[in-house]
Amino acid sequence: MNLDANVNRLVEESVLCWLATSSASGQPSVSPKEVFTTFQNDSIIIANIASPNSARNIKENPKACVSFVNVFTQRGFQLKGAAQLLGVGDDGFSEIEQILLEITEGKFPFKTVFRVMVEEVSEIFAPRYRLFPETTEQDQVSSAMESYGVRPRI
């Protein structure tokens with residue numbers, strides 16, 4: 001499945017994403033990831049910086065979900081698909097490693113990466129958009145900035 005411009009834009013705007021996996025027995029786990037981007041317009045690649053549970057789960061059960069939300073607009077996406085754990089010698093690893101090294105500027109060491117081949121895309125949005133249809137993104141941004149104590153730069 002190709003990721004559209006809206007998904008790609010929001011991935012680039014996001015500071016964190018959340019990778020959800022589950023063990024062979026179905027025990028769920030979710031953890032934040034800091035180094036990620038889209039790849040070949042059909043997958044999300046994530047540096048495995050310190051995620052032994054995610055790595056173990058993906059080896060046991062490749063089903064995964066990646067979510068990300070813009071904290072100000074309170075909109076985002078949930079991407080579901082089959083995940084792979086790739087390391088040195090695996091097809092595509094070198095290319096993916098180079099992309100993620102550019103993002104980290106070499107500051108976050110990693111030896112493996114997660115690649116989630118996206119099969120399903122769902123939009124995520126704050127309940128306010130549904131409960132109050134007149135809500136605009138600017139309304140959400142203003143409300144979030146106030147809630148988080150963020151002031152515009154002068």
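Every read-out reported here was derived from the displayed coordinates using simple, explicitly stated rules and does not represent laboratory data. As the structure is a prediction and not an experimental result, all values here were calculated from the model. Quick reminder, even Gly has a Cβ in these numbers, built from the backbone with ideal geometry, and neighbours come from all protein chains shown.
A few points about this structure:
- In the set (1) 8.9; (2) 11.0; (3) 8.0, the label that goes with mean projected area of the Cα convex hull in nm² computed for this structure is (2).
- Candidates 94, 127, 79 compared by Cα position along the dipole of the chain: farthest toward the positive end lies 127, with charges placed on Cβ.
- C-alpha long axis of helix 93-104 to longest principal axis of the chain, angle in °: 40
- Per-peptide average of other Cβ atoms within 10 Å, ordering 45-54, 120-129 highest first: 45-54, 120-129
- When both region 95-119 and region 1-59 are represented by their alpha-carbon centers, they are found 11 Å apart.
- Peptides 59-65, 84-90, 38-44 ranked from most to least packed, by the mean per-residue count of other Cβ atoms within 10 Å: 38-44, 59-65, 84-90.
- Charge dipole of the chain (Cα centre as origin; +1 on each Lys and Arg Cβ, -1 on each Asp and Glu Cβ, all else neutral): 500 debye, rounded to the nearest 20.
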